[in-house]
Amino acid sequence: MSEKRKKIYHALVDGATEGLSNKALYEFVVKRCPKTSSKKIVRAALLALTDPDVTDRTVLDTIYALAIKHRMDEIGQGDVSDEQDDTPEVAPSVKSSRKRAASSASPSVSP
């Protein structure tokens, strides 16, 4: 693990252990690691979630919540162009996709 990620990781765990959460925890991490980004914080949070030495459920829940929030914020920032389009996007049905694939694969038989 790189030194920067270690520093962010320790700031996350220390802040969560002190009882900080949400915005207060994020600000604590940024104060200790001023050149960090949301992406780096999310990656360090994932390391904390997989660390077998971190066993306190409250600390893990707090870090998990922070990681999810900031990951979703990253996704939301990438979709700025989608917000300008008012038409809702609907995922194609798996069933209808299979029907189209099956009908195009089978040869037509004429009487």
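The values are calculated or read from the model by the stated rules, or taken from the named source; none is laboratory data. All values derive from a computational prediction rather than experimental measurement. Methodologically, a virtual Cβ is constructed for each residue, glycine included, from the backbone with ideal geometry; neighbour enumeration extends over all protein chains shown. We work out accessible area using only protein heavy atoms, side chains counted, and drop any ligands, DNA or RNA first. Shrake-Rupley method; radii C 1.70, N 1.55, O 1.52, S 1.80 Å.
A few remarks follow.
- Pairs spanning more than 18 Å between alpha-carbon atoms, out of 39/69; 4/69; 4/35; 7/31: 4/69.
- Formal net charge of residues neighbouring residue 21 (Cβ-Cβ distance under 14 Å; K, R +1; D, E -1): -2
- Ranked order, 4, 31 - accessible area, probe 1.4 Å, largest first: 31, 4
- Computed over region 1-50, the quotient of the alpha carbon radius of gyration and 2.2 N^0.38 Å is 0.98.
- Relative contact order for region 6-73, counting Cα pairs under 8 Å that sit 6 or more residues apart, in percent: 41 percent
- Reducing region 1-15 and region 42-66 to their Cα centroids gives an inter-centroid distance of 11 Å.
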